[in-house]
Amino acid sequence: MHLEVSRAMEILMEPVQYVCLGFMAIMYAIKIKTLLGKPFPPEKAELKGDRVSGAIYSLGNVLRPWEMESTRKNSYFYIEFVIFHIAVALTIGSTFFIPLIPQIMTPFVTKLIMLFMALAFFIGCRRIYRRFAKPEIKIISSPDDYFAIILMTVFFAVGFMALAQLPEHPESKWMWLYFLMTTFFLIYVPFSKISHYVLYPFGRVNFGMIFGGRGVINRNAH
């Protein structure tokens with residue numbers, strides 16, 4: 001598939017995207033360096049287990065939904081989590097696939113990505129409703145939480161509309177909005193709670209080292 005677009009669209013699709021991606025990488029590098037420079041909280045409890053194996057075990061927690069009460073009692077939450085995060089990767093990734101390797105955007109691949117976008121859109125709508133309607137969620141929600149989930153949900157809808165017009169209309173208003181939103185996300189995400197996936201390993205390693213050392217988790221590792 002070869003896309004015929006204007007010079008302005010070419011600039012938005014590639015140089016602008018690369019600059020924003022580079023900015024995000026720099027911000028993440030600074031954040032990771034800062035976190036690596038912080039010491040772990042001192043552990044005063046007696047060492048009864050293996051801190052390293054506890055950390056490794058803790059890191060894999062996201063792959064064991066049966067060990068989390070919320071997903072163990074309601075598997076839908078985990079399925080929703082997986083679909084939503086795959087859709088995020090595909091929605092942002094498509095803005096790099098389209099200009100760099102457009103040949104992979106076959107009708108089948110495009111429709112598959114659109115399916116994830118559509119599912120994630122409805123999941124996003126449900127999450128927005130829960131943030132406004134559930135008191136236990138509303139009380140812990142910040143303005144950034146509302147902004148991020150609403151923007152992501154709109155992003156899925158815009159991406160769906162943009163891909164629906166490929167390859168006949170590669171420079172539709174939806175495509176322009178799609179790429180503009182992606183460039184915004186690449187700049188905004190490092191400063192928002194969406195960057196939680198960078199903090200996740202640090203939190204899980206810290207948790208695993210503490211409770212693994214106390215012999216509370218991963219008891220079968222020895």
- Taking into account only those residues within the stretch 171-188 that are without any contact (Cβ under 8 Å) to a residue 60 or more places away in the chain and aromatic (Phe, Trp, Tyr), which is surrounded by the fewest Cβ atoms within 10 Å (Cβ to Cβ)? 184
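Per-residue answers, yes or no, for (1) modelled with pLDDT of 90 or more; (2) crowded, with 17+ Cβ neighbours inside 10 Å; (3) under 27 Å from residue 191 (Cβ atoms):
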| residue | (1), (2), (3) |
| --- | --- |
| 58 | no, yes, yes |
| 74 | no, no, no |
| 105 | yes, yes, no |
| 119 | yes, yes, no |
- Query: Which helices (runs of 4 or more DSSP H) sit wholly inside the stretch 123-222 and have at least 2 residues that are more than 27 Å from residue 29 (Cβ to Cβ) and within 17 Å of the chain's Cα centre (by Cα)?
  - Reply: 143-164
- Any idea which of (1) modelled with pLDDT under 90; (2) surrounded by fewer than 19 Cβ atoms within 10 Å (Cβ to Cβ) is the one residue 166 doesn't satisfy? (2)
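The values are calculated or read from the model by the stated rules, or taken from the named source; none is laboratory data. Keep in mind it's a predicted model, so treat the numbers as computed, not measured. Counting neighbours? That spans all protein chains shown, and the Cβs are built from the backbone with ideal geometry, glycine included.
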